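Take a look at the structure below.
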Amino acid sequence: MFGLKPTFGRVSGYPSAHTGSLFHVGVIVRTVTDAALTLNVIAHPDVRDWYALPDESQDYTSDLAQGVAGLRIAYSPDVGYADVDSEVAALVKGAVDVFAKLGAIVEEVDPGFVNPRPIFQTFWQAGAAKLLRGFKSRTTSCD
């Protein structure tokens, strides 16, 4: 399986989620090629999405054959703060090793992030409050 989270706005998200810009569209597919083929279809703006990027009319499959040799990849085992399950960490490290064997220049980095959960919760709760603001509380009586 392969997952891709494109640049925010590359794939239109309409209707948008209650969290606005915290939400954006990606794909989970079988292969990198499948992701590129899917992006060829879905990576176009929708006039109803205020965050949509301009259409690039790019063929996302065109550079797949060139491989990863020479590409620089920054790898952080825990993004500076996360508790990572040992099985997940081993699988990710195995993938990093494959990239290195294929000729990518892999550098382990510590981005120095602090846990963003409190900030995320603030945005999430504000979005939920905005969404629910229009609902009126109803009480029912069982007389």
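The values are calculated or read from the model by the stated rules, or taken from the named source; none is laboratory data. Computed from a predicted structure; not experimentally measured. Methodologically, a virtual Cβ is constructed for each residue, glycine included, from the backbone with ideal geometry; neighbour enumeration extends over all protein chains shown.
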> Leu131: without any contact (Cβ under 8 Å) to a residue 40 or more places away in the chain and either closer than 24 Å to Asp34 by Cβ or over 19 Å from the mean Cα position of the chain (by Cα) (or both), yes or no?
Replying inline: no
>> Regarding segment 66-81, can at least one residue be identified that is hydrophobic (A, V, I, L, M, F, W, C), part of a helix (DSSP H, G or I), surrounded by 11 or more Cβ atoms within 10 Å (Cβ to Cβ) and not assigned by TED's automatic domain parsing to the domain that holds Pro6?
In response: no
> Do we find that Lys136 is of a type in the set (Lys, Arg), assigned to a helix (DSSP H, G or I), on the phi < 0 side of the Ramachandran plot and at pLDDT below 90 in this structure?
Replying inline: no
> Before we move on, is Gly127 under 30 Å from Asn40 (Cα atoms), at pLDDT below 95 and surrounded by 10 or more Cβ atoms within 10 Å (Cβ to Cβ)?
Replying inline: no
> Is it the case that segment 44-59 has a residue that's of a type in the set (A, V, I, L, M, F, W, C), part of a loop (DSSP other than H, G, I, E, B) and over 17 Å from the mean Cα position of the chain (by Cα)?
Replying inline: yes
> Within segment 82-94, restricting attention to residues that are modelled with pLDDT of 95 or more and of a type in the set (Gly, Ala, Ser), which residue is surrounded by the most Cβ atoms within 10 Å (Cβ to Cβ)?
Replying inline: Ala89
